[in-house]
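To start, the structure under review is shown below, and the notes come after it.
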Ligand SMILES: Cc1ncc(COP(=O)(O)O)c(C=O)c1O
């Protein structure tokens with residue numbers, strides 16, 4: 001007798017999470033196919049085109065016949081370029097080298113491969129809540145023992161460091177941080193990073209620092225990386241990529257920087273999964289990091305203006321309040337005066353108001369009572385979003 005289709009699926013699949021942005025995007029596209037106008041504030045991707053010099057590097061590479069397999073860790077030229085960029089950008093005392101860098105088709109698969117390389121079942125994995133869903137999905141798939149520390153709106157979406165101190169121990173294998181942060185736009189301050197670094201050294205744990213939004217940063221001072229703090233270079237795994245800074249989400253190019261011994265294991269996971277990243281995409285990455293930086297600055301200036309427009313607008317609407325995000329391109333307003341059921345409100349806004357946004361609880365329990373809006377959208381769409389929120393929020397049946 002044939003097995004039922006349920007029996008054919010591995011039990012471990014039930015431990016996988018999922019990124020709701022892609023699910024809501026699909027629902028929004030289905031509404032658009034029916035002729036509805038939808039304002040896209042759900043997916044975290046710059047609406048700008050990839051800068052021309054980056055596209056040209058990929059085309060030139062294709063025309064030069066770069067159409068074959070490459071090494072699983074990435075081509076040496078790109079890894080060297082990343083090492084040089086990361087050394088300068090993060091002000092590292094000891095430079096990174098090619099051996100520290102592993103390239104992947106996006107930051108997301110490299111997060112999966114890093115966690116696969118370090119987590120045994122039962123290992124203590126500490127992260128924060130709300131969070132980008134990929135960390136907990138991989139950690140729970142790998143059967144780690146997961147601790148989620150809530151981020152506090154009252155601390156501009158940073159940890160309570162005393163709570164972090166209470167929740168880590170000599171058993172902690174790894175702590176994940178993400179600054180600037182998806183979904184709140186919060187940024188860890190240098191004092192936060194110093195305290196986390198001190199705890200990492202005291203308890204001998206690794207830190208995964210997801211710095212994919214490090215170029216989407218609106219403070220007047222420069223971005224601080226935990227990797228550059230004393231004693232942290234080799235116990236920090238920096239995750240970064242090209243999607244957000246260079247408007248390259250669809251190219252699928254990311255990387256991580258770590259101690260060489262670990263880089264070899266992560267490379268083995270690359271080898272076992274996607275083999276390697278397309279050569280012309282890697283050549284485009286070299287052009288992004290070595291070419292003019294004006295486009296990154298231009299896009300960031302516009303993001304900052306859009307942020308101000310969205311947050312100012314939201315804060316004029318009764319029942320909804322929003323902290324000023326200092327990085328990334330997300331607003332995470334509090335809607336508790338209207339409802340706790342953020343997912344129902346997000347669904348109502350999509351079907352009734354034509355606004356695609358995400359319920360905060362899809363990023364973890366501490367996101368309950370919030371919505372996430374991506375302001376990687378035009379001024380026109382931001383204005384339409386505010387006008388529709390004004391009109392439709394009072395109509396939410398609750
Ligand atoms: C915090 C964070 N890390 C990693 C990623 C993955 O980016 P990509 O796989 O496009 O490089 C994202 C994408 O939304 C993100 O928000």
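The values are calculated or read from the model by the stated rules, or taken from the named source; none is laboratory data. These numbers were taken from a predicted model, which means no experiment stands behind them. Positions of Cβ are backbone-derived with ideal geometry, glycine not excepted, and every protein chain shown enters the neighbour counts.
Reported count of residues in segment 86-114, each being in contact (Cβ under 8 Å) with a residue 12 or more places away in the chain and more than 16 Å from the ligand (Cβ to nearest atom), is 12. Inspect all residues belonging to segment 46-57 and state whether any of them is modelled with pLDDT of 95 or more, crowded, with 17+ Cβ neighbours inside 10 Å and more than 16 Å from the ligand (Cβ to nearest atom). Checked segment 46-57: at least one residue is modelled with pLDDT of 95 or more, crowded, with 17+ Cβ neighbours inside 10 Å and more than 16 Å from the ligand (Cβ to nearest atom). Here residue 307 passes the criteria (1) within 24 Å of the chain's Cα centre (by Cα); (2) surrounded by fewer than 21 Cβ atoms within 10 Å (Cβ to Cβ) except the one numbered (2).
Condition (residue is surrounded by 16 or more Cβ atoms within 10 Å (Cβ to Cβ) and over 25 Å from the mean Cα position of the chain (by Cα)) applied to segment 367-383: is it met by at least one residue? Within segment 367-383, not a single residue is surrounded by 16 or more Cβ atoms within 10 Å (Cβ to Cβ) and over 25 Å from the mean Cα position of the chain (by Cα). Per the listing 72, 116, 137, the residue uniquely modelled with pLDDT of 95 or more and either more than 30 Å from residue 17 (Cβ to Cβ) or in a loop (DSSP other than H, G, I, E, B) (or both) is 72. Among all residues of segment 58-69, there is none that is in contact with a helix residue (DSSP H, G or I) (Cβ under 6 Å, 6 or more places away or on another chain), at pLDDT below 95 and outside any loop (DSSP other than H, G, I, E, B). Taken together, 339, 290, 321 contain a single residue that is touching a residue at least 60 places away in the same chain (Cβ under 8 Å) and surrounded by fewer than 20 Cβ atoms within 10 Å (Cβ to Cβ), which is 290. Of all residues assigned to segment 75-88, none qualifies as being touching a strand residue (DSSP E or B) at 6+ places or on another chain (Cβ under 7 Å), part of a helix (DSSP H, G or I) and at pLDDT below 95. Can you tell me which residues in segment 17-41 are within 16 Å of the ligand (Cβ to nearest atom) and not in a helix (DSSP H, G or I)? Across segment 17-41, the qualifying residues are 17, 18, 19, 40, 41.
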